[in-house]
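Presented below is the structure to which this report refers.
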Amino acid sequence: MPEPSRQVDGPIQHAGSNAALRWLTDMRQDLRFAARNLRRSPSFALVTALTIAIGVAASTTVFSVMNGLLFRALEVSSPERMFALQERRDGNVSTDNGYSALPYERIRAYTEATRSIVSGVAAYRYDSHALRIGEQTIAVYGPRTTGNYFNLLGLVPAAGRFYSTDTEAVLVLGYSLWQQRFGGDHSVIGQQVSLNSRPFTIAGIAPAGFTGTIVGFDTEVFVPVFANQRPDDDRDPWLFPIARLQPGVELTAANAAFDATAKRIPPESGNVNVFGASLDPIATGMSGQWRGPIGQFFGMILGTSVLVLLIAAANIAGMLLARAVARRREIAIRLAMGAGRGRLVRQLMAETLLVFVVGALGGIALTLFTTRLIANIPLPVAGRVAFDFAPDWRVLVFALATALVTGVLFGLAPAIKASRTGLVVSLKAGLGATDPQSTRGRNVFVAAQVAASVVLLVAAGLFVRSLQQGLAVDPGFDPDGVVIAQINVDPHGYNEERGRVFYRQLIERVRSLPGVEGAGLARIVPLGGSGMGNDVEAIEPGKPEGTKRSALFNVVDPGYFTTMRVPIIAGRALNESDVAGATIAAVINQTMATALWPNQSAIGKRFKQSESEYEVVGVAGDGKYLQITESATPFVYHAFAQRYDGRMTLHVRARGNAAETLRQVHEQVRALDPNVAIERESPLPATIGITLLPQRFGATLIGVFGLIGLLLASIGVYGVLAFQVAQRTREIGIRLALGSTGRGVRGMVVGQGARLALIGGAIGLLVAALTTRFLQNFLFGVSTLVLMTFVAVPLILLVVALIASYIPARRATNVTPLEALRSD
């Protein structure tokens with residue numbers, strides 16, 4: 001006899017299996033039935049899928065960009081164990097992108113002191129290099145690294161080998177450079193090239209997909225940290241340290257150990273105070289000081305893109321309501337034959353979700369195209385920008401999840417409405433009868449579309465106004481017609497004397513070129529994304545030290561002021577008399593003159609900066625130096641002849657084509673030294689344009705979203721009115737037969753469209769007034785309550801709604817009494 005436990009367990013397991021099997025069978029039948037129904041209505045299926053594809057593509061494109069910037073994991077072994085070493089200190093400080101650079105010897109001290117906590121500490125510093133291949137010299141971008149860099153990251157070379165020391169005269173090519181410049185030829189391994197005027201051997205190729213530890217730059221070459229250092233250069237290089245935690249070591253314990261170690265290791269000089277250290281994760285995406293602002297900006301853009309998806313989904317919901325009315329007889333018959341409302345709702349939802357999933361797949365296909373366009377936008381920066389925005393599994397999950405969620409949210413109400421038994425009663429009134437509940441539902445969806453479109457267009461208008469304000473700002477110089485070319489002669493063994501000769505000859509050659517109106521040198525490109533600064537204080541004879549103020553500075557030659565058309569409002573510009581051995585001269589801007597010597601002439605006054613004393617020989621007009629959005633900032637121009645730097649940027653003002661001017665500059669540099677490369681080149685207006693990139697990107701992308709939303713909203717207005725006209729054919733025919741004029745009927749239909757636009761517009765304006773204040777951090781010189789924007793957008797929507805209403809209104813006037821009688 002069977003055991004009792006088996007008698008009990010057997011039926012329970014069998015029932016559970018049958019239930020699961022029935023559920024799967026029902027789902028398969030629902031999906032098969034949904035696909036068959038959609039095949040019978042190809043126009044409906046195509047329009048709805050395309051509408052959802054557009055909405056999904058909008059949000060998925062933004063999420064793909066966010067994913068590439070913030071979430072994509074580094075192509076290294078166990079990236080979650082990789083951290084950047086951050087030190088808190090006063091005195092000598094060097095930071096980039098929010099990361100701390102430390103002296104090489106101090107990094108070695110950390111390595112020795114933390115062997116029980118980390119697998120190792122490596123370090124790097126990105127720079128431009130001049131790579132000569134045959135007779136051609138190109139600028140390549142990549143880091144100088146410690147020998148343990150590749151091993152610590154757990155990388156395997158695509159070909160050849162990695163270097164393992166800090167001094168070996170070999171280099172590793174980035175995978176993309178190997179493919180583009182060498183055609184992926186393995187015979188380049190062991191080939192000798194010239195890097196920064198020194199012989200190097202190509203040791204290996206970095207793995208595909210690895211572009212370094214900084215997101216966004218395509219690393220083209222890796223070089224040992226000391227391999228290119230001159231024999232007479234005994235400086236301790238500052239590098240950015242990274243560490244890998246040993247398995248089992250918790251971050252909290254590691255932070256405590258590094259903090260204690262930082263306080264214990266003696267600083268490199270007496271004027272440095274170290275307060276501690278910590279480890280920051282670098283496993284995914286862009287880190288450092290840009291992660292927060294970038295996340296906030298794209299979070300805002302993602303929010304606006306979701307509005308497009310909601311507008312598209314509302315459009316589909318309205319179409320589903322209309323489709324439910326058209327299918328009343330079919331649904332009533334199925335209910336009469338015993339179909340349950342739950343099963344009917346499930347079948348209708350299966351149709352809706354199938355359309356949304358197909359639309360999501362179409363949206364992903366569109367995203368592949370749009371993200372490729374965004375990734376290929378050229379940016380005039382040093383190094384090759386290479387963002388990977390291609391959709392991955394996160395993007396696929398995001399697209400399908402958003403499609404399914406919106407499908408459920410906007411498909412459930414039409415499905416429930418269609419399954420109501422009251423539809424059977426409505427058959428008695430005729431198929432042409434009006435369904436007030438369906439009409440109200442479609443009106444609500446259309447009003448919501450209009451409201452969301454208003455929010456999008458207001459946001460786009462604010463970004464356009466902000467961009468206009470930025471473009472209208474006077475930067476304190478004239479960038480039009482100027483090109484820039486950044487050059488660095490230090491890696492090529494130039495001392496100060498040889499470097500000055502090189503730059504003097506280059507300036508003379510460039511000034512003699514046809515069409516060139518002026519040429520000058522500057523260490524920093526204004527509004528180019530970087531700057532230098534230090535404290536300044538006025539020197540008053542017989543008085544104690546004054547208040548120190550922070551001031552930016554640049555190193556320029558006399559030709560810079562005329563080339564850039566920087567106005568001198570008092571005294572003189574720097575000139576050829578400001579040479580080594582003469583009084584150290586400086587030109588300051590109006591803000592600094594007023595701050596240090598209010599109500600006095602600054603000419604002839606002296607101030608201290610970087611432990612040196614300077615005499616003011618001129619006062620220049622105020623300008624913009626780091627950001628176009630910055631407030632007035634004290635600024636100093638130092639003389640290149642008195643403050644030499646091996647890396648300078650040539651500024652050339654010329655008539656004619658910028659590309660031709662840059663080609664001629666290349667020829668002059670090559671004629672002076674074929675091993676020197678131009679690290680960065682572009683028309684100056686393009687470089688300055690980066691400072692307005694958020695406003696430009698926001699205006700473009702949200703503007704596109706707004707236009708899509710406006711188009712979908714107008715389609716919604718047209719659709720609901722066309723459907724209502726079709727439902728009210730009998731009523732309209734009777735009105736005309738009883739004496740109503742065509743003008744009156746048109747006015748009735750157009751009035752309905754205008755009411756929808758006005759109601760939706762009013763709601764949208766209220767929502768925009770409440771939400772756009774969160775955009776203030778991304779706008780420049782614009783209040784979020786711009787009257788023109790809040791007036792123009794509703795007017796545009798009203799005009800569009802009237803146009804969309806006119807076609808159904810005109811069709812309504814063509815109804816004849818005979819058509820009205822046949823409509824039932």
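How about region 557-579: which of its residues are in contact with a Pro (Cβ under 7 Å, 6 or more places away or on another chain) and among the polar types (S, T, N, Q)? Reasoning before the result, please.
First, the residues of region 557-579 that are in contact with a Pro (Cβ under 7 Å, 6 or more places away or on another chain): 573-576.
The answer is Asn575, and nothing else.
Checking His638 against (1) over 18 Å from Pro558 (Cα atoms); (2) touching a strand residue (DSSP E or B) at 6+ places or on another chain (Cβ under 6 Å), which test does it fail?
Going through the list (1) over 18 Å from Pro558 (Cα atoms); (2) touching a strand residue (DSSP E or B) at 6+ places or on another chain (Cβ under 6 Å), His638 breaks only (1).
State yes or no: is Phe162 open to solvent by less than 50 Å² (accessible area, probe 1.4 Å), modelled with pLDDT of 95 or more, more than 25 Å from Asp673 (Cα to Cα) and not in a loop (DSSP other than H, G, I, E, B)?
no
Looking at region 217-224, is at least one residue open to solvent by less than 40 Å² (accessible area, probe 1.4 Å), among the aliphatic types (A, V, I, L, M) and under 22 Å from Glu679 (Cα atoms)? So that I can check it myself, show each step before the final result.
Of region 217-224, the ones open to solvent by less than 40 Å² (accessible area, probe 1.4 Å) are 218-224.
Those left that are additionally among the aliphatic types (A, V, I, L, M): 221, 223.
Applying the additional criterion that residues be under 22 Å from Glu679 (Cα atoms) yields 221, 223.
Yes; the residues of region 217-224 include at least one that is open to solvent by less than 40 Å² (accessible area, probe 1.4 Å), among the aliphatic types (A, V, I, L, M) and under 22 Å from Glu679 (Cα atoms).
What's the total number of residues in region 375-396 that are surrounded by 17 or more Cβ atoms within 10 Å (Cβ to Cβ) and assigned to a helix (DSSP H, G or I)?
1
Counting only residues that are acidic (Asp, Glu) and in contact with a strand residue (DSSP E or B) (Cβ under 8 Å, 6 or more places away or on another chain), how many does region 228-270 have?
3
Would you point out the residue of region 118-152, among those that are open to solvent by 10 Å² or more (accessible area, probe 1.4 Å) and out of contact with any strand residue (DSSP E or B) (no Cβ under 7 Å at 6 or more places or on another chain), that is farthest from Leu74 (Cα to Cα)?
Looking at the filtered set, the residue picked out is Glu135.
Hey, does region 69-80 have a residue that's under 20 Å from Val223 (Cα atoms), in a strand (DSSP E or B) and touching a residue at least 12 places away in the same chain (Cβ under 8 Å)?
No; the residues of region 69-80 include none that is under 20 Å from Val223 (Cα atoms), in a strand (DSSP E or B) and touching a residue at least 12 places away in the same chain (Cβ under 8 Å).
Filter region 472-495 down to residues that are among the β-branched types (Val, Ile, Thr) and within 28 Å of the chain's Cα centre (by Cα), then give me how many there are.
4
Filter region 626-639 for residues that are crowded, with 22+ Cβ neighbours inside 10 Å and out of contact with any Ser or Thr (no Cβ under 8 Å at 6 or more places or on another chain); which is farthest from Phe778 (Cα to Cα)?
Ala639
Would you mind finding the one in Val215, Val225 that is within 30 Å of Val93 (Cβ to Cβ), at pLDDT below 90, in contact with a helix residue (DSSP H, G or I) (Cβ under 8 Å, 6 or more places away or on another chain) and not polar (S, T, N, Q)?
Exactly one residue qualifies, and that residue is Val215.
Is region 640-659 home to any residue that is assigned to a strand (DSSP E or B), aromatic (Phe, Trp, Tyr) and buried (at least 17 other Cβ atoms within 10 Å of the Cβ)?
Within region 640-659 (the criterion being assigned to a strand (DSSP E or B), aromatic (Phe, Trp, Tyr) and buried (at least 17 other Cβ atoms within 10 Å of the Cβ)), the answer is no, since none of the residues qualifies.
If Val617 meets every condition in (1) under 42 Å from the mean Cα position of the chain (by Cα); (2) not in a helix (DSSP H, G or I) apart from one, which number is that one?
Looking at each condition in turn, Val617 falls short on (1).
Can you name every residue in region 257-287 that is crowded, with 17+ Cβ neighbours inside 10 Å, among the small types (Gly, Ala, Ser) and not in a loop (DSSP other than H, G, I, E, B)?
Listed by number, the residues that qualify are Ala257, Ala262, Ala277, Ser278.
Looking at region 594-625, which of the residues that are without any contact (Cβ under 8 Å) to a residue 24 or more places away in the chain and under 17 Å from Ile568 (Cβ atoms) is surrounded by the most Cβ atoms within 10 Å (Cβ to Cβ)? Give the steps one after another, and end with the answer.
Residues of region 594-625 without any contact (Cβ under 8 Å) to a residue 24 or more places away in the chain: 594, 598-600, 604, 611.
In the following step, the residues that additionally are under 17 Å from Ile568 (Cβ atoms) were identified as 594, 604.
Values: Thr594: 17, Gly604: 9.
Of everything passing the filter in region 594-625, Thr594 is surrounded by the most Cβ atoms within 10 Å (Cβ to Cβ).
Go through Leu239, Leu195 for me and flag whichever is in contact (Cβ under 8 Å) with a residue 24 or more places away in the chain and either open to solvent by 60 Å² or more (accessible area, probe 1.4 Å) or more than 18 Å from Thr95 (Cβ to Cβ) (or both).
The match here is Leu195.
Please tell me if Gly204 is modelled with pLDDT of 95 or more, under 22 Å from Ala122 (Cβ atoms), of a type in the set (Gly, Ala, Ser) and touching a Pro at 6+ places or on another chain (Cβ under 7 Å).
The answer is yes for Gly204.
So which residues in region 57-116 are exposed (fewer than 15 other Cβ atoms within 10 Å of the Cβ) and β-branched (Val, Ile, Thr)?
Passing the criteria: Val93, Thr95.
Are there any pairs, at least 6 apart or on different chains, whose C-beta atoms fall under 8 Å, with the first in region 84-97 and over 12 Å from Asn255 (Cβ atoms) and the second open to solvent by 50 Å² or more (accessible area, probe 1.4 Å) and polar (S, T, N, Q), and if so, which?
What qualifies is Arg89/Asn273; Asp90/Asn273; Gly91/Asn271; Gly91/Asn273; Asn92/Asn271; Asn97/Gln289.
Would a scan of region 567-579 turn up a residue that is closer than 30 Å to Thr95 by Cα and not β-branched (Val, Ile, Thr)? Reasoning before the result, please.
Of region 567-579, the ones closer than 30 Å to Thr95 by Cα are none.
So far as region 567-579 goes, no, none of its residues is closer than 30 Å to Thr95 by Cα and not β-branched (Val, Ile, Thr).
Can you tell me which residue within region 667-691, out of those that are open to solvent by 50 Å² or more (accessible area, probe 1.4 Å) and either β-branched (Val, Ile, Thr) or free of Cβ contacts under 8 Å to residues at least 40 places away in the same chain (or both), is nearest to Ala573 (Cα to Cα)?
Among those residues, the one meeting the criterion is Ile690.
One residue is enough: does region 736-756 have a residue meeting the conditions open to solvent by 10 Å² or more (accessible area, probe 1.4 Å), touching a Pro at 6+ places or on another chain (Cβ under 9 Å) and modelled with pLDDT under 75?
Looking for residues that are open to solvent by 10 Å² or more (accessible area, probe 1.4 Å), touching a Pro at 6+ places or on another chain (Cβ under 9 Å) and modelled with pLDDT under 75, one finds at least one in region 736-756, hence yes.
Considering Ala169, Ala122, Ala159, which residue is over 21 Å from Val489 (Cα atoms) and touching a Phe, Trp or Tyr at 6+ places or on another chain (Cβ under 6 Å)?
Ala122 is the lone residue from the list that is over 21 Å from Val489 (Cα atoms) and touching a Phe, Trp or Tyr at 6+ places or on another chain (Cβ under 6 Å).
Out of the residues in region 800-812 meeting the condition of being farther than 15 Å from Ala447 by Cα and among the aliphatic types (A, V, I, L, M), tell me which one is most open to solvent (accessible area, probe 1.4 Å).
Ile803
Of the conditions (1) at pLDDT 95 or above; (2) over 36 Å from the mean Cα position of the chain (by Cα), Phe561 satisfies every one except a single condition; which number is it?
(2)
The values are calculated or read from the model by the stated rules, or taken from the named source; none is laboratory data. Here the structure is a predicted model, which means the values were calculated and not measured. Neighbour counts run over all protein chains shown; Cβ positions are idealised from the backbone, glycine included. These accessible areas exclude ligands, DNA and RNA; they are computed on the full protein's heavy atoms, side chains included. Shrake-Rupley method; radii C 1.70, N 1.55, O 1.52, S 1.80 Å.
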